[in-house]
Each structure stands twice: as structure tokens, then as C-alpha cells.
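Enquirer: Sharing a structure below in C-alpha cells format, with a few things to ask.
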Amino acid sequence: MLIKLTGGQVYDPASGIDGQVQDIYIQDGRIVDKSNGDFQVDKEYDLQGKVVMSGAIDMHTHIGGGKGNIARTLLPEDHRQDPVSRSDITRSGCGHAMPSTFVTGYRYAEMGYTAGFEPAVLPINARQAHMEMGDIPILDKGGYVMLGSDDYLLRMLTAKKDQKAINDYVAWTMNAAKAIGVKVVNPGGINAFKFNQRKLDLDEQNAHYGVTPRDILEVLATAVKELGVKHPLHVHGCNLGVPGNVQTTLDTIQGIGGLPMHLTHIQFHSYGTEGDMKFSSGAAQIAEAVNNNKNITIDVGQVLFGQTVTASGDSMRQHYNHKFASPNKWVVMDIECDAGCGVVPFKYKDQNFVNALQWAIGLETFLLVNDPWRIFLTTDHPNGAPFTSYPHLIRLLMDRSFRNEVLATIHPEAQKMTTLASITREYTLQEIAIMTRAGAAKLIGLKDRGGLSAGNWADITVYTDNTNRQTMFEKPDYVFKDGELVVVDGKVVHTKWGTTHVVQPDFDPSVETGLKDYFDRYLTMKLGNFKISDDEITEDGRGSITVHPLHI
Ligand SMILES: [Zn+2]
């Protein structure tokens, strides 16, 4: 079957196409070149006046892993808010801040997204994370495996193991957990919390291991680079949410010595201590550092107002944040020898000075970082806001007068503490396509995704152009996933299963000798059971595994 998309305005930054009118052909799930020769079109869509982009990719969204189920259990009211009664093709689902797996897939697809990446896959819990993501329809998915507070790595550092040994351990863990990247959360801090430390700065030693966050970042960023993993070390830095943490973040950028590094939800790490409230924006300093350091990429973790739930591996910071829980209930837990987890419901209020300034800091960051290939559109779902608020966020970035209207309504002291009103930049459609498509695919190292040239998988979203960008991005006319039409007029009409993206870096098999002894002595799981096999992900016909190339 040959499908033709006729006459749409195409935004495909991966090929340098910026709004030109082009036809696109789809065959066997992929985009094909039909510029020459005779051929018969089986199905044609007239897209004159429509905007065509590839399917959007969320490179940081918490959609799999135990913390989601804790959040759902903790907040039954969240699952009464949005009862879904839809066409008979879709199974029912519910939830707003932490929706069910099915609603997650449907709502993402209905906004034109075709992939989402879970950034905090605990190795010991990777099976559950993949099973949960395996229950999300339509989307492609993948995970970044969390290291850095695990006792095994910290023991290796204390024992002065060489970089080669650490590379083997990182590669072994990525294979076992079926990951496409490596994430570190509050490097070493989650472990230090277990030894009663309540904060850990970049150069502060873990009381038990004597290791600093700086040591951990350096060996992990080096391992990721030397193993040829395209996605740079994904870093949730020290001191999340702490006033004055802008200096820690700047030191982290300088300290990595030019190695590729991705700093996630940087909004939560961009706070100064100026003003009467001793809380101010560090966004300008952060943006300047990002502009000057080409090895650094960031996503924002934008705060938007309303009820959500925060869910993080950073048990140290979530323990501190529990006093702000709204409604007042929370969970902070230890997870074996791997890490921790904290779930704290939160309501961001526009009349709260801190929340209002957080909102402004995120937007300042978006607007002051020059290169859209190195900044990504996230709310750190659900931590800053649920992912369903993305169309609203896109409007804030693309429409200065709308942005200033909202700015004029937030806490007056926060208005005084932000430069937002003076920033004239408005994102273009091409820049949105870079942040949410081409740039994200490049950052993660996805082959054949995030672009519309021949050979790519046909993940395609079609919008009706509208000066109200929220309306435009809320309701695509069509979404194709792997060439199949899944959404029409903003509603799911057909469902399918996406693939799971992984990399498989090489390691010396002798790495298992030390690991087996460690598993037998300390963990509840045997080493053999820890490793996830391919068929656990592909069983029931629910998708496939796509192995991406290494860059050595
Ligand atoms: Zn996150």
C-alpha cells in the first residue's frame, strides 16, 4: 500500500526543510522516495495549508517504573478526575498527573507524540519499568538506566578500580537493563542519605565511601563516551531545588572537562539567593554557560501551574520536600543497594512567589539558550506539570503577547524578579520541530526517527496552522505511527505497539565474576534473573527491540 501526503508545509530540520511545500510517500511503514517513475497511489491525503512534522519525541518523561505506581496508589483522587469513556477501540483509562499506561499512550499520540523515554530506570527494577512501558500503546519507548548511588559502583571507586573496569560494569548494566542511556541522580547523594547525610555538594564526600559527586560524574561520563553510547551521561545534578544551586550547576558544567553531558530539568537547578526572599533566577547565568559549552545539552523541566505529583529517584531532596506535599501525604523509600525513590504530590500556584518565579525561570531558560538543538521541551512529567500541558507551553514560547499576559497575572514580587517581560524572542515552528523532533532523535541516537527523509520510519504528525499555537498543537489532524494512521482530529482511531530502543555496548564477560559474588551476598535477586531477555519485551506481540549503533 502506497500512501501519499500531498501538498503540506513540511518542517523537517533533520533535512534542512523549513516550511517548504512537499509531498511525502509512505510504504511498508517507512517514508519512501517516489520522485521518479510510474507508481499507483492507494490512498491520498490532501494536506494543502497543513503543517507537517515528524512524530514528536519526549526525551525525558516518567512513564515507567515503580514510582508511577506509587503515585497512582497515593493519589486515588487523581484517577477520579478524568474518567475516560471513549470509542470501543480504546480501553478505558484515567488519571491526570500520573495517568494509566493506556491514557499515557493515547494522550501523547493525540498531541502528535510517537515516542517517550523514561529517564530513571533502576537496574533492579528495570523489568517492571519495561513491562509498564510495554503496556503503553502507540509510543516507542526506551530507558536511561540509573547508576551513581549504587553500592557496587561506589565500592569500585573506593577500591580504585580503573576506568576499563567501570566501563565494563556500565556496559553490562545497560545490556542487563535494556537501556539506551545512563542517568545519574543526585550523584552519590541517594546513597549518602542512607548514611544520614541530608545534603551532598559537588565536592563533598559520601560519609561511608569517601567518594564525591564530582568523582562519580567524571567516571560515568567517561564510560558513556568510551563505550560509544550516543546519548551523553544524563545528569540530575546535586542540590535539586536548593536556593543558590546555580553555582553548583555552573561548577558541574565546568567540572566535566568538555565531556558530553546532558543536564536534565535544569530549571530546578538554576536558583540564586538574591532579593528579600533569598530566592532568585539563575537562568541568565545558566543560559550563558550552555551557550558557551557545546558539550552541554539541557532539558528545562518547566513548571506550569496546577496540581501534579513529583516522583524522583532523589530520595534525599524528596525527603526535604515532603513538608510542601499537597495534598499532605508522601512516600520516600530505599531501593535495595541501587538507589531510592520519593513521591510527593505538589500544587504549583501562580500566587506563590517561589512557584511563580520557577515558572519564569524555566521560560527565561528556554528563551535565552540560543541553540534549539541543545535544549529540549520538557516539564519533567509529572514533576513540573503533566505532559498534557505541552501545547500550552509551546504557546508560551511562540507567542510573546500571550506570555506577557500570563506574566502579568503571577505573584507581583516574582514579576519584579524576572527579566521575562523584556525578552522578545518567539520560537518558530522550525525551532519547535528541532526541540521536539530532530534534536531529540539526534541526542538519543535514534537511527531512522525524528526526520521525514526517505528511509525514516513514517512517524508523522499533521497540524492545522493556527496563530493560537495551543489549539494547533493540542489537536493534530492526523498522526501516523510507523505508517499507520493512529489519530484523526485529535482522537485515537487505531492502536498499535511501538518498539523499545536500546544500545548494546560491549563488555568483558569476566565482569560477572565480581558481580555474582555481590548479588549472592547482598541482593534479593540472583544475577541470572537480573538480566532482562529480549523475549520479555517482545512477548505477546507487543512490539520489538531496536538496537541502535554505537559511536566509537
Ligand atoms: Zn525526571
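Enquirer: Provide a single number: the residues in the stretch 178-200 that are buried (at least 24 other Cβ atoms within 10 Å of the Cβ) and under 16 Å from Leu153 (Cα atoms).
Expert: Going through the stretch 178-200 one residue at a time, the tally reaches 11.
Conditions (1) within 16 Å of the ligand (Cβ to nearest atom); (2) touching a Leu at 6+ places or on another chain (Cβ under 7 Å); (3) of a type in the set (A, V, I, L, M, F, W, C), marked per residue:
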| residue | (1), (2), (3) |
| --- | --- |
| Leu250 | no, no, yes |
| Ile256 | no, yes, yes |
| Leu259 | no, no, yes |
| Phe268 | yes, yes, yes |
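Enquirer: Can you tell me which residue is nearest to Val344 (Cα to Cα) among those in the stretch 308-326 that are out of contact with any Gly (no Cβ under 7 Å at 6 or more places or on another chain) and part of a helix (DSSP H, G or I)?
Expert: His322
Enquirer: If you don't mind, another one. Please verify whether Gly301 is within 18 Å of Asn245 (Cα to Cα), assigned to a loop (DSSP other than H, G, I, E, B) and more than 13 Å from the ligand (Cβ to nearest atom), treating the condition exactly as stated.
Expert: Details: within 18 Å of Asn245 (Cα to Cα): yes; assigned to a loop (DSSP other than H, G, I, E, B): yes; more than 13 Å from the ligand (Cβ to nearest atom): no.
It is false that Gly301 is within 18 Å of Asn245 (Cα to Cα), assigned to a loop (DSSP other than H, G, I, E, B) and more than 13 Å from the ligand (Cβ to nearest atom).
Enquirer: What residue, among those in the stretch 273-298 that are open to solvent by 10 Å² or more (accessible area, probe 1.4 Å), closer than 24 Å to Lys349 by Cβ and among the small types (Gly, Ala, Ser), is nearest to the ligand (Cβ to nearest atom)?
Expert: Ser281
Enquirer: Of these, His231, His262, which one is closer than 17 Å to Met146 by Cβ, open to solvent by less than 20 Å² (accessible area, probe 1.4 Å) and assigned to a loop (DSSP other than H, G, I, E, B)?
Expert: His231
Enquirer: Please state which one of Glu288, Glu274 is of a type in the set (Asp, Glu) and either in a loop (DSSP other than H, G, I, E, B) or at pLDDT below 95 (or both). Even if it seems obvious, please write down each step before you answer.
Expert: Numbers: Glu288 fails: either in a loop (DSSP other than H, G, I, E, B) or at pLDDT below 95 (or both).
The match here is Glu274.
Enquirer: Now for a separate question. Which of the residues that make up the stretch 117-140 are of a type in the set (D, E, K, R) and either surrounded by fewer than 24 Cβ atoms within 10 Å (Cβ to Cβ) or more than 15 Å from the ligand (Cβ to nearest atom) (or both)?
Expert: Arg127, Glu132, Asp135, Asp140
Enquirer: Could I ask something else about it? Identify the single condition in (1) modelled with pLDDT of 95 or more; (2) open to solvent by 50 Å² or more (accessible area, probe 1.4 Å) that Glu336 does not satisfy, given that it satisfies every other one.
Expert: (1)
Enquirer: Moving to a separate point now. Output the residues belonging to the stretch 505-525 that are part of a loop (DSSP other than H, G, I, E, B) and either small (Gly, Ala, Ser) or open to solvent by less than 50 Å² (accessible area, probe 1.4 Å) (or both).
Expert: First pass over the stretch 505-525, keeping only residues part of a loop (DSSP other than H, G, I, E, B): 505-510, 523-525.
If the condition is that a residue be part of a loop (DSSP other than H, G, I, E, B) and either small (Gly, Ala, Ser) or open to solvent by less than 50 Å² (accessible area, probe 1.4 Å) (or both), then Pro505, Ser510, Leu523, Met525 are the ones that fit.
Enquirer: Next question, about the same structure. Mind listing just one residue for me: the one in the stretch 376-421 that is part of a helix (DSSP H, G or I) and among the acidic types (Asp, Glu) and, of those, farthest from Met53 (Cα to Cα)? If you could, list the steps in order and put the result at the bottom.
Expert: As a first pass, look at the stretch 376-421 and keep what is part of a helix (DSSP H, G or I): 387-398, 400-407, 412-416, 420-421.
Then drop every residue that is not among the acidic types (Asp, Glu), which leaves 405, 413.
Numbers: Glu405: 29, Glu413: 40 Å.
Result: Glu413.
Enquirer: Another question about this same structure. In the stretch 340-392, which residues are more than 16 Å from the ligand (Cβ to nearest atom) and of a type in the set (A, V, I, L, M)?
Expert: Once the filter is applied, which keeps residues that are more than 16 Å from the ligand (Cβ to nearest atom) and of a type in the set (A, V, I, L, M), the stretch 340-392 yields Val354, Ala356, Leu357, Ala360, Ile361, Leu363, Leu367, Leu368, Val369.
Enquirer: If we scan the stretch 468-479, do we find a residue that is within 20 Å of the chain's Cα centre (by Cα) and either under 30 Å from Pro549 (Cα atoms) or within 16 Å of the ligand (Cβ to nearest atom) (or both)?
Expert: no
The values are calculated or read from the model by the stated rules, or taken from the named source; none is laboratory data. Keep in mind that what you see is a predicted model, and the values were worked out from it rather than measured. Positions of Cβ are generated from backbone atoms using ideal geometry, with glycine treated the same way; all protein chains shown enter the neighbour counts. For accessibility, only protein heavy atoms count, side chains too; no ligands or nucleic acids. Shrake-Rupley method; radii C 1.70, N 1.55, O 1.52, S 1.80 Å.
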